Amino acid sequence: MKVSVMATPLNILPGALDGAAAIVIDALRMTSVAATALSNGCAGVLACAEVDSARQAASETGALLGGERNAVLIPGFDFSNSPLEYTAEKVAGRNLVMSTSNGTKAIAAASGAKRVLLAAFVNAKAAAEAVRGEEKTVIICAGTLGAFTLEDALAAGAIIERLQKLGASPVLDDMAIAARMLYEAARGDFMAALAATKHFNRLRSLGLEDDLRYCLTEDTLGSVPEKQADGWFR
């Protein structure tokens, strides 16, 4: 099994996704939200890179709208990008259309893969189990506005650690090795490891401490959103 990690979607080279299972990570917070919503009974999640396309899709399907720009609620949307908002009472049995600054764009960049899955700290073990039989897995870190973010690399390292524990014996590229090493160094206190980072502090400045703690807690969910033939994650 070959495992590669892309530091941002901009690092995806031509052909890198051919025949691969792609795992998209936007740990703070979009992929954490999608896994949470589906775990709470959401019928499906559709990722739209742009706000206008999200509005149109929701209008056509009667879906709820969730997402953010600059980490805050988009006017007219039902939810922001806080996983704590997506309770069973609000999302069970409903479809959800999402548009975010980073995660949904990273999902669009993964479209060339044979499988596209969404992962974060909250479902790292389940994500590893979902791809353990693949010959080639590419983990795509969403980053923030085109720049590398440490939290996504740490979550990638968490998935790689679980793959190794499952006996998958992954052959890692250099970025995957780095992610694994970063994860081992930070494990036990991700809040401390991220304390000086830009995106983490942007969310903290908005009073989203509970979101951060939720998103940085490992293996709380068994749901691994996977893109289906109709484009929806289920």
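The table below lists the values:
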| item | result |
| --- | --- |
| The range 186-213, residues that are free of Cβ contacts under 8 Å to residues at least 24 places away in the same chain, under 22 Å from Gly146 (Cβ atoms) and not in a helix (DSSP H, G or I) | Ala196 |
| Conditions (1) farther than 19 Å from Leu17 by Cα; (2) outside any loop (DSSP other than H, G, I, E, B): number failed by Ala176 | (1) |
| Selection count, the range 31-61, where residues are touching a Pro at 6+ places or on another chain (Cβ under 6 Å) and open to solvent by 10 Å² or more (accessible area, probe 1.4 Å) | 1 |
| Total residues in the range 185-214, condition exposed (fewer than 13 other Cβ atoms within 10 Å of the Cβ) and farther than 25 Å from Leu73 by Cβ | 6 |
| Pick from the range 154-181, criterion surrounded by fewer than 21 Cβ atoms within 10 Å (Cβ to Cβ) and among the β-branched types (Val, Ile, Thr), ranking: nearest to Ala195 (Cα to Cα) | Ile177 |
| Pairs where the first residue, in the range 62-74, is surrounded by 22 or more Cβ atoms within 10 Å (Cβ to Cβ) and the second is among the aromatic types (Phe, Trp, Tyr), C-beta under 8 Å, 6+ apart | Gly66/Phe77; Gly66/Phe79; Gly66/Tyr86; Gly67/Phe77; Gly67/Phe79 |
| Hey, Ile140 aliphatic (A, V, I, L, M), within 20 Å of Val33 (Cα to Cα) and crowded, with 19+ Cβ neighbours inside 10 Å or not | yes |
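Quick grid of which residues meet (1) surrounded by fewer than 24 Cβ atoms within 10 Å (Cβ to Cβ); (2) within 18 Å of His199 (Cα to Cα); (3) in contact with a strand residue (DSSP E or B) (Cβ under 7 Å, 6 or more places away or on another chain):
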{"residue": "Ser82", "(1), (2), (3)": "yes, yes, no"}
{"residue": "Glu85", "(1), (2), (3)": "yes, no, yes"}
{"residue": "Met98", "(1), (2), (3)": "no, no, yes"}
{"residue": "Gly133", "(1), (2), (3)": "yes, no, no"}
{"residue": "Lys136", "(1), (2), (3)": "yes, no, yes"}
{"residue": "Asp152", "(1), (2), (3)": "no, yes, yes"}
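The values are calculated or read from the model by the stated rules, or taken from the named source; none is laboratory data. Bear in mind the structure is a predicted one, so any value in this text is a computation, not a measurement. Quick reminder, even Gly has a Cβ in these numbers, built from the backbone with ideal geometry, and neighbours come from all protein chains shown. Areas reflect the complete protein model, heavy atoms only, side chains present, ligands, DNA and RNA absent. Shrake-Rupley method; radii C 1.70, N 1.55, O 1.52, S 1.80 Å.
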